[in-house]
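Have a look at the structure below, then the notes.
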Amino acid sequence: MTEFRPETRAVHPPQPPVENSRPITMPIYQTSGFTFDDPAVMADAMGRPDGAFVYGRYTNPTVRALELAVAGLEGGSAAIATGSGMGAINTVLLGLLKPGDHLIAQRSLYGGTAAMISDLVGRFGIAVTYVPENDPAALRAAVRPETRLVYLETISNPMALVADLPGMCAAARELGILSVVDSTFATPMLCRPFEHGADVVVHSTTKFLSGHTDLVGGIAVFAGTALYEKVWHFATELGTAAEPFTAWLTLRGLQTLALRMERHCSNAEFLATRLAGHPAVAAVHWPGLPPHPSHELAGKLLSGFGGVFSFDLAGGRAAGERFMSSVRLALLAPSLGGVETLVLHPATTSHRSLSADELAANGIGEGTVRIAVGIEHPEDLWADVAQALS
Ligand SMILES: *Cc1c(COP(=O)(O)O)cnc(C)c1O
């Protein structure tokens, strides 16, 4: 490089050789593209997901490390990391559906997904039928010749309903349709939908997988490589690729996922049990407690009952608002799955556009509070919740 002038040397700094030792953690490959010695290798890399790294919108070594990590944890064959959970969901839905197709979805869906499906119906000529998350007979009855896929969530928001993945995925397979499962609330530590017959698993890595409330990301994992390759080609066109730094933060979070999930679940059990015994609380919707409609199924399907649930305050909307303004340790915020405990009053925030009747149709009361339980000391959390309840 010494033969070049300063202007040129500034653009092409020397790179130190990394030989005879390796980094312990995955480096952040903060580069948009890759250079080649051989033009033929470059041409090959442009056309397939398993060629040499070529361009950041296709993938990147740090992003690929995350894709391999999550595919491995889920027991899938390959994954596509995206810039958000909605990016992963839309990459899959738009990558697999075309106008005239029909989709079956469970009734209780994450809000962003429900809004996207409304768009698919309203603007893209795709039909939808909603069925309960635990009713394979309803799935069979809803299927049409043009049905392409069934869309499920392992654990729903905010009522923590658990989908009958074995029953629903088996029915889908018999009927020749794909099953796509949003497993954000469960993570592969509580459930691996591929073991129950799912074809695609999506996550908002914004939540438990990264776990520290410091990024927005998503991932789609595929049971088989043919479906992966098809969606990968579409993803490079759609432009939903994850950023290397975000992928690196997510990889870092994944290393403690098992420990965090244990604590999220044990803290949730502690709080749910105490809430259930409190006179200001009318109902607790945590699947680990027997009154929950998914209790039995959750016991069989999940290796933990999750860290996000809702409870109903006996005093209705006013009590809900009072609770929200009284908590001190728990933070008023959307999102979930981070180390901090967050609370949300759906009737006045995430679901504020719904009337009391519409809320009720979603199983949400005016006094319902959703809590995303963090990893703080359980007694500190209970002390905060108890003082807010009084
Ligand atoms: C947050 C969330 C999403 C959307 O993910 P983003 O990262 O916010 O785009 C999808 N599904 C579930 C279950 C979620 O909790």
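How large is ³J(HN,Hα), in whole Hz, for each residue of region 85-101 in order, when computed from phi with the Karplus curve 6.51 cos²θ - 1.76 cosθ + 1.60 and θ = phi - 60°, using x for Gly and Pro?
My calculation for region 85-101 gives x, 4, x, 5, 4, 6, 4, 6, 5, 6, x, 10, 9, 9, x, x, 6 Hz in order.
Report the chymotrypsin sites (Phe, Trp or Tyr not before Pro) located in region 39-84 that are in a DSSP loop and have at most 12 other Cβ atoms inside 10 Å of their Cβ, or state none.
none
What does the helix-only formula give at 222 nm for the chain: each DSSP H stretch with n ≥ 4 adding -39500 (n - 2.57), the total divided by the residues, and the result rounded to the nearest 500 deg cm²/dmol?
-12000 deg cm²/dmol
Which residue, 226, 242, 280, has the largest displacement toward the positive end of the dipole of region 194-314 when charges sit on each Cβ (Lys, Arg +1; Asp, Glu -1)?
The residue sitting farthest along the positive end of the dipole is 280.
I want to verify a result. In a Gaussian network model of the chain, Cα cutoff 10 Å, which of these has the top mean-square fluctuation: 171, 141, 223?
Evaluated over the chain, the most mobile residue of the options is 141.
One-quarter of the Cα convex hull surface for region 235-390, in nm²?
For the Cα atoms of region 235-390, the hull's average projected area reads 11.3 nm².
Loop only per DSSP, at most 15 neighbouring Cβ atoms within 10 Å: give me the chymotrypsin sites (Phe, Trp or Tyr not before Pro) in region 179-210, ordered by residue number.
Here no chymotrypsin sites (Phe, Trp or Tyr not before Pro) fit, given the DSSP loop and packing criteria.
Filter the chymotrypsin sites (Phe, Trp or Tyr not before Pro) in region 290-339 to those in DSSP coil with at most 10 other Cβ atoms within 10 Å of their Cβ, and list the result.
none
Got a sec to turn the phi values of region 281-287 into Karplus ³J(HN,Hα) couplings, 6.51 cos²θ - 1.76 cosθ + 1.60 with θ = phi - 60°, whole Hz, x for Gly and Pro?
10, 7, 7, 10, 9, 10, x
Tell me the volume per residue, in Å³, of the convex hull enclosing the alpha carbons of region 39-254.
Hull volume normalised by residue count: 110 Å³.
Quote the accessible area belonging to residue 26 in square angstrom, nearest 10, computed with a 1.4 Å probe and with ligands, DNA and RNA left uncounted.
Its accessible surface works out to 60 Å², give or take rounding.
What ³J(HN,Hα) values, in whole Hz, does the Karplus curve 6.51 cos²θ - 1.76 cosθ + 1.60 give for region 334-341 when θ = phi - 60°, with x put for Gly and Pro?
Coupling constants for region 334-341: x, 6, 5, x, x, 5, 8, 7 Hz.
Can you give the relative contact order of region 39-254 as a percent, counting alpha carbon pairs under 8 Å and 6+ residues apart?
Relative CO of region 39-254 lands at 29 percent.
At a Cα cut-off below 23 Å, give the lysines reachable from residue 230, other chains included and same-chain residues fewer than 8 away excluded.
Correct list for residue 230: 98.
Let me know the longest stretch in the chain that avoids all GluC sites (Glu not before Pro) found in a DSSP loop with at most 13 other C-beta atoms within 10 Å.
It runs 147-390.
For the chain, I need the span (max minus min coordinate) of the C-alpha atoms along each principal axis, in Å, sorted largest to smallest.
80, 52, 36
Using a simple charge model, +1 on the beta-carbon of Lys and Arg, -1 on the beta-carbon of Asp and Glu, nothing else, what dipole does region 39-254 show about its Cα centre, in debye to the nearest 20?
Using Cβ point charges on Lys, Arg, Asp and Glu, region 39-254 gives about 160 debye.
Non-local amide H neighbours of residue 82 (under 5 Å, H modeled in plane, Pro and chain starts lacking H): which ones?
Long-range HN contacts for residue 82: 218, 219, 220, 242.
Taking a ≥ b ≥ c as the square roots of the Cα gyration tensor eigenvalues, with a/c under 1.5 meaning rounded and otherwise prolate when a/b beats b/c, else oblate, which class fits region 88-183?
oblate
Taking H placed 1.01 Å from N in the peptide plane, check which residues at least 5 places from residue 282 or on another chain put their amide H under 5 Å from its amide H.
Here 312, 313, 314 satisfy the definition.
Tell me which lysines have Cα within less than 27 Å of residue 300's Cα, excluding those fewer than 8 residues away on the same chain?
The qualifying lysines are 207.
Out of residues 5 or more away from residue 101 or on other chains, whose amide H comes under 5 Å of its own, with H placed 1.01 Å from N in the peptide plane?
Under 5 Å from the amide H of residue 101: 127.
Counting heavy atoms of the protein chains only and a 1.4 Å probe, report the per residue accessible area for the chain as a whole number of Å².
On a per-residue basis, 45 Å².
At q = 0.12, 0.14, 0.20 Å⁻¹, what is the log10 ratio I(q)/I(0) for region 134-242, with the Debye formula run over Cα points and no solvent?
-0.45, -0.60, -1.12
Explain nothing, just the number: dipole magnitude of region 258-389 about its Cα centre with +1 on each Lys and Arg Cβ and -1 on each Asp and Glu Cβ, in debye rounded to the nearest 20.
Computed charge dipole of region 258-389: roughly 80 debye.
The values are calculated or read from the model by the stated rules, or taken from the named source; none is laboratory data. Just so it is clear, the model here is predicted, and its values are computed rather than measured. Here Cβ is always computed from backbone atoms with ideal geometry, including for glycine, and neighbour counts include all displayed protein chains. The area values use the complete protein model at the heavy-atom level, side chains included, leaving out ligands, DNA and RNA. Shrake-Rupley method; radii C 1.70, N 1.55, O 1.52, S 1.80 Å.
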